[in-house]
Amino acid sequence: MHQNVRGTTDLSRARPSSADATAADSSARMRHLLVFFGVALAVVFGRVVHLELTQGAGFRAAAARPLEKTRPLAGTRGRILSRDGVVLAADRRIASLAVHYRLLEDPPNARWLRRQARARVRADDPQRAAKLATEQLWMREYRDSLTDRLARLCGRPLDDLTIEAANICKRVQTIAEAVNRARDERALARLTANSQITATSPTAPVWHKLLTEAPAWLLATDDPRVAPRIIVAEELDYHVLVSDVPLEVIAEVESHPEQYPGIRIVEQSCRHYPRGTLAANVIGHIGMPEESVVDAKANSSYAAATAPPNPRRDGNGTTSLVGRLGIERGYQNDLQGRDGALVELTDHGGRWLSSIRQAEPVAGADVVLTLDSRLQCLVEERLDRALALADRADAVVNSAAGGAVVILDAHSGAILASATAPRFNPNVFASRDPAEIARLLSDPAHPLYDRVSKMALPPGSVFKVVTALALLADADFDPLATCNCQGYLSRPDRERCQIFRRYGIGHGETDLASALARSCNVYFFEQSSHLGPTRLADMAMRLGFGRSSGVDLPGEAAGYVPQAQPVTADQPAWTLADAQAFAIGQSRLTATPLQVARLMAVVANGGAIVTPHLAVSQESERRGEVKSMVDGARNVVAGLNRQQLEIVRRALARVVDDPEGTAYAALSDAGVAVAGKTGTAETGPRSADHAWFAGYVPADAPRVAFAVALEHRGSAERAAVLAKELVQGLEALGLLAVPDTAEMAQIGEP
């Protein structure tokens, strides 16, 4: 027994237990692992030593080197000038106060505020922790009171700055949301596509699944549709809060930068309109681009696109202002300058060190207009006075109504004056005054509306010129044949002349010339049944109605010429009453003052339809010439001859110089021979009629054609009185003098 026990004991010593073996294996693996990590650390340490010996100086120099950030410098916008050299729009350099977006953001970005506080305390300061707490508290209080502080510093209303700050935040948030939404949509689309690929390939090899799914699996977050938010550049940039600050503000901010962290003074170009409201609806104004900055696309021309071309960012993280109306919009690509580049140097803590102009901005081209500033001023003054006199005389005033006057060269189409009332001051948009902009946009009279090129109204009896030309184009028509006007066609309560409505009498025996001179509706009612709507509509279209005139202003209205179309559910049958109303400029017919003035130019120049234009070619302007920037080719109207036009011209002269003419009382003593046509367009029983007068001057040697339209101002006599004042102004300014041969060539006359 004893021997057995001892033998057993020896055996147990000779054979180690399984636990001992496991411990021994673990120790061996640990030693191998330590050796592996030791070798790896030695390799890393060796690489560090190698980099220090070979490239250490370069790394330290790169770390000390300032960070560079390139900002665009907006080029100065080109000027807009009148033909007599008066500056109507120009840029001026101003200093503005820009604030970092994080100071305007609500709620505030605590991380950015802490980083700003750390930048204000030295890293080796022994009391750094206590000072950091104090600086963070100061930064929060500074941020919360910033708008009020800047309002007092700049002398601006607190409400204006608060609104502007909110607008900046809204604009930046819109950009950020759009960028992040687009990223999320792309990620979701990729995820859906991958799911569809996996679902449609259940028999795909294992190695193929690993290759296609491994990258998404390795890089996926807990929810593949939730990714870290993208920080857009606008959130890290400065935005102009106060424009055109005085020198005292500049000195205060730049002399005490430690008291104004996150604020800087920047140089800007500010659009300025020295003559205020003069030709405002022609010049237009500037403003923010219509499209989002995120997905803005460059367009070739404002005249052909709804959104402004080439929206850019300026050096302050905001979008460059672009033309929104008128010439500012139509010639955006010409006026807009070319950007320069400014390189800003900052340290790695974000503190500004210096800036270098890498490329100078280039100014945009000037645009010279055909407008005469003296005539434009006179026309606007007389138009405003005529509307005011009409309002005082009328018992009921339409607050949404206005008026328009356009004067153009009858031979070249150059617009000498284009006045709309009421108007606006484009400096309001340049200064971005929110209260004034809101007032203009909500004004029921629509002062931003260019009534010359966009106001399409029934032309009334002015259109009888078109009807007369359509009649004369018929070889079987006899202009000397008469009809008996008893004041109405068949019933005293309908199809009447104005003279019957006023005095209860008719015009008697009337031929074509007398019908034009005395504006006899009955004559044209009778002729309309023989003329027919198709021939009349065709002549109207040939004379420029129902389509754009081609003027170099965006948004021109085409007006409407009714047509005798096939009867449908939406198109009732054309009746005789429709044809009669069409013949005297009523029915559904509408036209703009610019189209009516061009009609008078056709009669005045012998049958050529001109292209109205406002801008002058820069090359010709440098050579001392005055040629249009648009295609100003004169197209002879088909179906007209000089004999027909002469009949109409004599009739239009009788409108003024014949005692029975409708404009004799208003214009016979103008001092200049005038030819034209009055028009009163009926609008219904609840509102006053539209008043028209259109013509050309001098009647015997026409140089200028014009149109006057007064919305809801009753009788055409008011328009004729205004026309008299305009004609006298043209004569006083010397614009009716017979030009010499050289001048005729310059303005493009044949």
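The figures follow:
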item: Test: Asp91 is within 30 Å of Val367 (Cα to Cα) and either assigned to a helix (DSSP H, G or I) or among the acidic types (Asp, Glu) (or both); result: yes
item: Yes/no for Ala517 being hydrophobic (A, V, I, L, M, F, W, C), modelled with pLDDT of 90 or more, within 28 Å of Thr482 (Cβ to Cβ) and out of contact with any Pro (no Cβ under 9 Å at 6 or more places or on another chain); result: yes
item: Odd one out for Ile163, checked against (1) open to solvent by 70 Å² or more (accessible area, probe 1.4 Å); (2) over 21 Å from Val249 (Cβ atoms); (3) part of a helix (DSSP H, G or I); result: (2)
item: Matching residues in region 329-339 - criterion: being under 16 Å from Val616 (Cβ atoms) and either open to solvent by less than 10 Å² (accessible area, probe 1.4 Å) or touching a Gly at 6+ places or on another chain (Cβ under 6 Å) (or both); result: Leu335
item: Subset tally (residues that are aliphatic (A, V, I, L, M), under 18 Å from Asp347 (Cβ atoms) and without any contact (Cβ under 8 Å) to a residue 24 or more places away in the chain) for region 114-139; result: 3
item: Within region 232-267, considering residues that are at pLDDT below 90, touching a Gly at 6+ places or on another chain (Cβ under 9 Å) and open to solvent by 30 Å² or more (accessible area, probe 1.4 Å), the one nearest to Asp160 (Cα to Cα); result: Tyr238
item: Residue identified as open to solvent by less than 40 Å² (accessible area, probe 1.4 Å) and either modelled with pLDDT of 90 or more or among the basic types (Lys, Arg) (or both) among Arg102, Arg92; result: Arg102
item: Among (1) farther than 27 Å from Ser320 by Cβ; (2) among the β-branched types (Val, Ile, Thr); (3) not in a strand (DSSP E or B) - the single one Val405 does not satisfy; result: (3)
item: Residue within region 39-51 that is aliphatic (A, V, I, L, M), out of contact with any helix residue (DSSP H, G or I) (no Cβ under 7 Å at 6 or more places or on another chain) and under 30 Å from His285 (Cβ atoms) present; result: no
item: Residue check, Arg432 on the phi > 0 side of the Ramachandran plot and surrounded by fewer than 19 Cβ atoms within 10 Å (Cβ to Cβ); result: yes
item: Residue identified as loosely packed, with under 13 Cβ neighbours inside 10 Å and out of contact with any Cys (no Cβ under 6 Å at 6 or more places or on another chain) among Arg111, Arg140, Arg128; result: Arg111
item: Answer from Ala665, Ala615 - the residue that is open to solvent by less than 30 Å² (accessible area, probe 1.4 Å), small (Gly, Ala, Ser) and at pLDDT 90 or above; result: Ala615
item: Of residues in region 577-602 being at pLDDT below 95 and among the hydrophobic types (A, V, I, L, M, F, W, C), the one most open to solvent (accessible area, probe 1.4 Å); result: Ala577
item: Unique match (being in contact with a Phe, Trp or Tyr (Cβ under 6 Å, 6 or more places away or on another chain) and either closer than 28 Å to His712 by Cβ or buried (at least 21 other Cβ atoms within 10 Å of the Cβ) (or both)) among Ala414, Ala401, Ala419, Ala410; result: Ala410
item: Residue among Arg120, Arg156, Arg152 that is under 15 Å from Pro261 (Cβ atoms) and open to solvent by 60 Å² or more (accessible area, probe 1.4 Å); result: Arg120
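The values are calculated or read from the model by the stated rules, or taken from the named source; none is laboratory data. Remember, it's a predicted structure, so these values are computed and weren't measured experimentally. Glycine gets a Cβ as well: all are built from the backbone with ideal geometry, and neighbour counts include every protein chain shown. When the accessible area is computed, the model is the full protein with side chains, heavy atoms only, and any ligands, DNA or RNA have been set aside. Shrake-Rupley method; radii C 1.70, N 1.55, O 1.52, S 1.80 Å.
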